[in-house]
Amino acid sequence: MCYKETDAFCKDSRITKTEVCNGINVSREKVPLKPFVKWAGGKGQLLSELRKFYPEGLGETIKKYAEPFVGGGAVLFDLLSSYDFEKVYISDVNAELINTYCVIRDEAENLIELLLKYEKEYIPLDDSLRKSYYYAKRRRFNDLKGNGAGSIGSECAALFIFLNRTCYNGLYRVNRKGLFNVPVGSYKKPTICDPANLLNISYALKNIEIVCGDYKKSFDFIDNTTFVYFDPPYRPLSPTSSFTSYTGDGFDDLAQRNLAEYVSLLTKVGAKVMVSNSDPKNQDPEDNFFEEMYRGFRIKQIKASRSINSNSKGRGKINELLICNF
């Protein structure tokens, strides 16, 4: 079970072999890990570019890794697939997302059993019955969210993944009451359960501290042997382009400045820090918001594709910013 504040993490007991769990081969060696959910702003498409900016000494002089705002975990899983860290810390303010990470780590077999059940029931249905099935699961998920403690556990995690895999564009969005409100998607044969990947992720998460909370909770974990990656809700490029409603709370310009101050504090500690964000110059070449806020930091423009956007005209290649203190 995952507690909202912090979990003690286990010692790394990785075995270099393959084991069989319920007929599924599970690697105990380093294997490529994939995010278990789609996530707005996920970094899967940018990994080849981001790798160019990882600091030297990962897994050696840099012994720890921290990722607040973990989201779908594309960078986390990329690093876990390639490097050994003594300690790893991840966090997010989205309680249902963090519960899912904890369930994958601690109750993977129960989770897989539920997901396979949903998949078996959902895939054969026609569009009308799929719609009814989806909205029934969405109501159940929101009921669990509304029950507070009921939102912790394998059923909530299974519903979280099911809805993510079958909803419109893989969005996670809540209304002002905190209820998930994304409509059903139109995927012909969505992958609701990937047992091998979930089991491999479960094993990779065994030595990881998983926290539900604000990014500032990471401070006691971070020192001069830590690489920290921040992927916060992006500063909107226009008043209608914000996708920050993952928890019902916004992330405005003041929040962006507070994060920059925290990055400066971690820089004084000696941590290696990398931050992703939008590039305001896509809309206004004179907008120096991040240049002024991260003065003295290394700022690079990288190309990214918008894959989750309700307006098709808003999709395509744009610039994003990568901000580093090294």
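Miscellaneous remarks
- Cross-link partners of residue 34 among aspartates and glutamates (Cα-Cα below 13 Å; sequence separation of 8 or more within a chain): 78, 194
- Per the Debye formula on identical point scatterers at the alpha carbon atoms of the stretch 31-324, with no solvent, log10 I(q)/I(0) at q = 0.12, 0.13, 0.14 Å⁻¹ is -0.80, -0.94, -1.09.
- For the stretch 65-70, the Karplus equation 6.51 cos²θ - 1.76 cosθ + 1.60, evaluated at θ = phi - 60°, returns couplings of 9, 10, 9, x, 6, 5 Hz by residue, with Gly and Pro reported as x.
- Carbon/sulfur fraction of accessible area - the stretch 31-324, other protein chains in place, 1.4 Å, %: 48 percent
- Residue 127/residue 258 FRET efficiency (R0 51 Å; Cβ-Cβ; nearest 0.05): 0.65
- The string of couplings for the stretch 192-208 from the Karplus curve (6.51, -1.76, 1.60, θ = phi - 60°) is 7, 9, 10, x, 4, 5, 5, 5, 5, 5, 4, 5, 5, 7, 4, 9, 10 Hz, one whole number per residue in order, with x for Gly and Pro.
- Each Lys and Arg adds +1 at its Cβ and each Asp and Glu adds -1 at its Cβ; summed about the Cα centre, the stretch 63-175 shows a dipole of about 400 debye.
- Sequence-ordered 3J(HN,Hα) estimates for the stretch 102-116 from the Karplus curve with 6.51, -1.76 and 1.60 and θ = phi - 60° stand at 5, 5, 4, 5, 9, 9, 4, 5, 5, 4, 4, 4, 5, 5, 5 Hz, glycine and proline given as x.
- Net charge dipole size for the stretch 105-263 [Lys, Arg +1 and Asp, Glu -1 on Cβ; Debye, nearest 20]: 720 debye
- All lysines inside 21 Å of residue 281 as judged from Cα atoms, apart from same-chain residues fewer than 8 positions distant: 43, 300, 303, 313, 317
- Averaged per residue, the stretch 63-127 has 34 square angstrom of accessible surface, using a 1.4 angstrom probe with ligands and nucleic acids left out.
The values are calculated or read from the model by the stated rules, or taken from the named source; none is laboratory data. Keep in mind that this is a model prediction, so the values were computed, not measured. Virtual Cβ from ideal backbone geometry, glycine too; neighbours counted across all protein chains shown. In case anyone asks, the SASA skips ligands and DNA or RNA and just uses the protein heavy atoms, side chains included. Shrake-Rupley method; radii C 1.70, N 1.55, O 1.52, S 1.80 Å.
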